[in-house]
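S.K.: The structure follows.
Read-outs throughout are calculated quantities, based only on the coordinates presented, and are distinct from any laboratory measurement. Note that the structure is a prediction, hence the values are computed from the model and not measured. Here the Cβ is made from the backbone with ideal geometry for all residues, glycine too, and neighbour counts use every protein chain on show.
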Amino acid sequence: MPPNSLILYDLVERFGHEPLSLMKALRERVTSNEIEAPPLNITPEDVKMGLKYAAIEVPSGIRGRMVVYGPLIDQADAAIFMEDAPYSFGCVGCQRTNELAKLLVRKRKVPILSLDYPSNEEEAKDMVYKVKEFLEGLK
Amino acid sequence: MDSEIETRLIFIAPTSDLTPDRIARFIHNLGNEVTVKETCYGAVVEGPKEAVRQTLGEVRKLDPNRIFSKVRAFPVGDVRRCRAHHGSRPGFAQLEKEWKDLCLVEQGLICVEEGERPPTPKKRGRLPIKELRKIVDEVSQ
């Protein structure tokens, strides 16, 4: 998390795992002719799917996003959370969706690594080291 | 679109001596069945998954710790995103932020490569009131 991060995608792939990314999940939608203006539009089917992850009273924006996030969470064997990140890092969208997604990951009881977004060299070294240790430990 | 087709963004870290132009030429010279587009941060490559991965592997060899990559949802030159067609690029703020920080990640990769154990970084504290007052005074002047 965030599922569209370049740094996380690259590190996960570099250390021999398959990253589950938002880009891959959106690929089908943006290349399908059924949706008029993807990824802004969703289909009636998506709305029903969203109910699996977010209740009916949850704002539609969160439910719509969970349609894409949810299946990724279901497939995940492990997760890395990047905390305390600058505002321009991550999906330019809803923080509540991120909170809900993190909750659903925690509920799945998969191994989780929580990191702070690095602001200097020392923190970056520590971050990469922890990511490597975490991913190697999963093998 | 065929699900076997993949689009990838290739980023060059700001500290690298490579240029997007060199990367694009290098990919052209590889002769793989991929489409390549030069961009301000590196290149966009599109083609069959295997060919794209092979291309990325070759490009990475040029500067392993300074070349980064991720997949992209939209195809190359998609009218909804391509600036040549006045497309919007809502994700660019994030790409720019992450691109600027790639030099930090690079240091981490070097550290890991050398088998070094990095020292535990100092814990981030709260902003002292004195510092906050200083910032407020600077802004209000």
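S.K.: Across the residues of A:127-135, average count of Cβ atoms on other protein chains within 10 Å?
M.R.: Numbers: counts 5, 11, 7, 2, 3, 4, 2, 0, 0.
So the per-residue partner count for this stretch is 4.
S.K.: List the residues, sorted by chain then number, that are 5 or more residues from B:THR7 or on another chain and whose placed amide H is less than 5 Å from its amide H.
M.R.: For B:THR7, the qualifying residues are B:ARG72.
S.K.: Which percent, to the nearest 5, of DSSP beta bridges fully inside the protein assembly as shown are antiparallel?
M.R.: On the way: 16 of 21 bridges.
Given both bridge residues lie in the protein assembly as shown, the antiparallel proportion sits at roughly 75 percent.
S.K.: With axes computed from alpha carbons, what is the tilt in degrees of helix A:121-138 against the longest principal axis of chain A, rounded to the nearest 10 within 0 to 90?
M.R.: 70
S.K.: Between B:LEU18 and B:LYS49, what is the label-to-label distance in nm when each label sits 7 Å out along the Cα-to-Cβ direction?
M.R.: With each label point 7 Å from Cα toward Cβ, the separation is 2.3 nm.
S.K.: Using the alpha carbon gyration tensor of the protein assembly as shown, what are the three equivalent-ellipsoid semi-axes (square root of 5 times each eigenvalue), largest first, in whole Å? It would help to have the intermediate numbers written out before the result.
M.R.: Working: eigenvalues 167, 148, 83 Å².
After scaling each eigenvalue by five and taking roots: 29, 27, 20 Å.
S.K.: If you line up the long axis of helix A:60-75 against the longest principal axis of chain A, both from Cα atoms, how many degrees apart are they, to the nearest 10?
M.R.: Its long axis makes an angle of about 50 degrees.
S.K.: So, one more: To make sure I understand, if each residue's beta carbon is the centre and we count other beta carbons within 10 Å, what order do A:ILE112, A:ILE73 fall in, fewest to most? Numbers along the way, then the final one.
M.R.: On the way: A:ILE112 16, A:ILE73 22.
Ascending Cβ contact count within 10 Å gives the list A:ILE112, A:ILE73.
S.K.: Sticking with this structure for a sec: Starting at 0 and stepping by 10 Å, how many percent of the alpha carbon pairs of the range A:6-138 end up in each bin?
M.R.: Per 10 Å bin, starting at zero, the Cα-Cα P(r) for the range A:6-138 comes out as 11, 39, 34, 14, 2 percent.
S.K.: OK, next. What lysines sit close enough to A:LYS125 to cross-link, taking a C-alpha to C-alpha distance under 29 Å and skipping anything fewer than 8 places away on the same chain?
M.R.: A:LYS24, A:LYS102, A:LYS109, A:LYS139, B:LYS61, B:LYS70, B:LYS97, B:LYS100, B:LYS122, B:LYS123
S.K.: Let me ask you something else. Within a 10 angstrom radius of each residue's Cβ in B:82-91, how many Cβ atoms of other chains show up on average? Whole number is fine. Don't skip to the end; give the middle numbers.
M.R.: Working: counts 0, 0, 0, 0, 0, 0, 0, 0, 5, 6.
For peptide B:82-91, the averaged partner shielding equals 1.
S.K.: Using the number of other C-beta atoms within 10 angstrom as an exposure proxy, rank B:LYS61, B:LYS70 with the fewest first. Could the numbers behind the result be given before it?
M.R.: Working: B:LYS61 9, B:LYS70 23.
Ascending number of Cβ neighbours within 10 Å: B:LYS61, B:LYS70.
S.K.: What is the sum of charges around B:ILE110, taking Lys and Arg as +1, Asp and Glu as -1, for the other residues whose C-beta is under 9 Å from the C-beta of B:ILE110? If you can, show how the numbers build up before the last one.
M.R.: Details: positive: A:LYS125; negative: B:GLU106, B:GLU113, B:GLU114, B:GLU116.
Here the count lands on -3.
S.K.: Work out the mean other chain Cβ neighbour count within 10 Å for the residues of A:13-26 and drop it here as an integer. Before the final figure, lay out the partial values.
M.R.: On the way: counts 6, 7, 1, 0, 0, 0, 2, 0, 4, 3, 9, 5, 1, 4.
Per residue, the average neighbour count from other chains is 3.
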